[in-house]
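What follows is a single structure, written as structure tokens, with notes after it.
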Amino acid sequence: MIVDERVLREDFVPGEVVHRHDEITHLSETLEPLLYGDRPETTFLFGPTGVGKTCLARYTLGQLREQLPEIRTVYINCWQEYTRFRVLYRVLEATGADIDIHRSTPKDELFQRLVRTDDQPIVVILDEVDQLEETEALYDLHRLRHVSLVLIANREEELFAQFDDRVRSRLRAGTRVKFDRYGTDELVSILEERASQGLEPGVVTDAQLRTIADDAAGDARVGIGVLRSAARRATREGVESVTDDIVAAAIPNARTAIRRETVEGLIEHQRVLYDVIADADEIEPSDLYEEYEQRVDDPKTTRTLRNYLTKMIHYDLIEAVGQKRGRSYRVLESDVRENGDAADE
DNA sequence: GGTCCACCGGAAAGCTCGGTAC
DNA sequence: GTACCGAGCTTTCCGGTGGACC
């Protein structure tokens, strides 16, 4: 049934990006100075999750590389690479200048090495840049005349609010490309494209794709996840085509899978905290700390737990209800541990 | 209004780990 | 082998905030 698994992944970059013509043109024009040896302005891609920001950035840079093969491009997801050291290291890695770099190498040494890689331009995509904890990395990269930045985030106001004055003043003038949510028809055609490339002909109907698109509510990441989950389930059940029941079962499953990936990235103590909150539905801080201490042999201090909680709120795994005294915590959406169909992913 | 208490989060110090230099 | 360095994580300390109670 599945003929090309890669096409059904959210991070797959298609040969042609549909329904984003204006945004592609805007980004391409912004990066055009590279073709003449000039440095383009920093570009921001703003918009909600699943509207194609990352896909479009990677697609456009792919197009640029066809015109300018010597250009070097780096994609960095700031969820994973959120420190100055890691960001600089990833850029160095792409230039091949990362030999002998280790965790005790001073960050200034990384920067100096990057200064010496100025023989060819580098375009750095920083995805989820609002998750960057050390925004000095942006200051560093902006200082490098041969480095151009494409910064991806959800909301402009929140992103700039976390910059210090030095970074804010340098990036304020950048170009903005804003993305709206896909309409249902647009999402249906995106899913049709993926299905035609990734699945055997006729295994999923137009009506089923519309059901998936309706549920995804403009989020292509969710829509593609549901399509993948449905195809896998149909394969496992040995049926020749996707049924409506399979689609219905795949919808909650795909959402759960996205959250589960995040939960699995938690360290042991964070996971225990998450479990305590999930078990209680909603819990006050004092009860949460007490229950956590009972479940682990070597508990962390409450200050460290507060750091963990802040992190999990950032990850959209939990939410804090209320402020200061009287606050409580609860998990967001469904508990990923309860879904037995997680094997789909 | 004053006090107590629970809670948050910033700042700084301490600790651990992986690596280098001698 | 060991002293040292730097990054990342954890802990300690403490000020700020706001609800509960008198």
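The values are calculated or read from the model by the stated rules, or taken from the named source; none is laboratory data. From a predicted model like this one, the values you see are computed outputs, not experimental measurements. Reconstructed Cβ throughout: ideal geometry from the backbone, glycine too, with neighbour counts over all protein chains shown. Accessible surface areas use protein heavy atoms only, side chains included; no ligands, DNA or RNA. Shrake-Rupley method; radii C 1.70, N 1.55, O 1.52, S 1.80 Å.
Considering (1) of a type outside the set (Lys, Arg); (2) surrounded by fewer than 15 Cβ atoms within 10 Å (Cβ to Cβ); (3) not in a loop (DSSP other than H, G, I, E, B), the lone condition that A:Asp180 does not fulfil carries the number (3). Counting just the residues of the range A:259-273 that are touching a residue at least 24 places away in the same chain (Cβ under 8 Å) and within 14 Å of A:Ile318 (Cα to Cα), which one comes out surrounded by the most Cβ atoms within 10 Å (Cβ to Cβ)? Top of the filtered list is A:Leu273.
The single condition among (1) more than 18 Å from A:His146 (Cα to Cα); (2) near DNA strand C (Cβ under 10 Å from one of its atoms); (3) surrounded by 19 or more Cβ atoms within 10 Å (Cβ to Cβ) that A:Asp127 does not satisfy is (2). Within the range A:279-305, restricting attention to residues that are open to solvent by 50 Å² or more (accessible area, probe 1.4 Å) and within 8 Å of DNA strand C (Cβ to nearest atom), which residue is modelled with the lowest pLDDT? Result: A:Asp298.
Each row is one residue, and each column tells you yes or no for (1) assigned to a helix (DSSP H, G or I); (2) modelled with pLDDT of 90 or more; (3) under 30 Å from A:Arg325 (Cβ atoms); (4) of a type in the set (Asp, Glu).
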position	(1), (2), (3), (4)
A:Val204	no, yes, no, no
A:Val222	yes, no, no, no
A:Ala248	yes, yes, no, no
A:Asn253	yes, no, no, no
A:Ile258	yes, no, no, no
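Set side by side, the residues A:Tyr315, A:Tyr329, A:Tyr274 differ, and just one is more than 11 Å from DNA strand C (Cβ to nearest atom), within 23 Å of A:Tyr82 (Cα to Cα) and touching a helix residue (DSSP H, G or I) at 6+ places or on another chain (Cβ under 6 Å), which is A:Tyr315. For the range A:263-296, the set of residues classified as among the β-branched types (Val, Ile, Thr) and within 13 Å of DNA strand B (Cβ to nearest atom) consists of A:Ile277, A:Ile283, listed by residue number.
Yes/no matrix, rows are residues, columns are (1) modelled with pLDDT of 85 or more; (2) away from DNA strand B (no atom under 16 Å from the Cβ); (3) closer than 30 Å to A:Arg228 by Cα; (4) polar (S, T, N, Q):
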{"position": "A:Glu5", "(1), (2), (3), (4)": "yes, yes, yes, no"}
{"position": "A:Asp11", "(1), (2), (3), (4)": "no, yes, yes, no"}
{"position": "A:Leu27", "(1), (2), (3), (4)": "yes, yes, yes, no"}
{"position": "A:Tyr36", "(1), (2), (3), (4)": "yes, yes, no, no"}
{"position": "A:Ala57", "(1), (2), (3), (4)": "yes, yes, yes, no"}
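Can you spot a residue in the range A:156-173 that is farther than 24 Å from A:Ile122 by Cβ and in contact with a Gly (Cβ under 8 Å, 6 or more places away or on another chain)? Within the range A:156-173 (the criterion being farther than 24 Å from A:Ile122 by Cβ and in contact with a Gly (Cβ under 8 Å, 6 or more places away or on another chain)), the answer is no, since none of the residues qualifies. Does A:Val7 satisfy being touching a Leu at 6+ places or on another chain (Cβ under 7 Å), closer than 30 Å to A:Ser241 by Cα and either in contact (Cβ under 8 Å) with a residue 60 or more places away in the chain or surrounded by fewer than 20 Cβ atoms within 10 Å (Cβ to Cβ) (or both)? No. Within the range A:73-119, the set of residues being within 28 Å of A:Gln63 (Cα to Cα), outside any loop (DSSP other than H, G, I, E, B) and among the aliphatic types (A, V, I, L, M) comprises A:Val74, A:Ile76, A:Val87, A:Leu88, A:Val91, A:Leu92, A:Ala94, A:Leu114, A:Val115. Within the range A:59-83, residues that are among the aromatic types (Phe, Trp, Tyr) have Cβ atoms under 7 Å from residues that are assigned to a loop (DSSP other than H, G, I, E, B) and surrounded by 18 or more Cβ atoms within 10 Å (Cβ to Cβ) in these pairs: A:Tyr59/A:Val17; A:Trp79/A:Glu128; A:Tyr82/A:Leu132, counting only partners at least 6 apart in sequence or on another chain.
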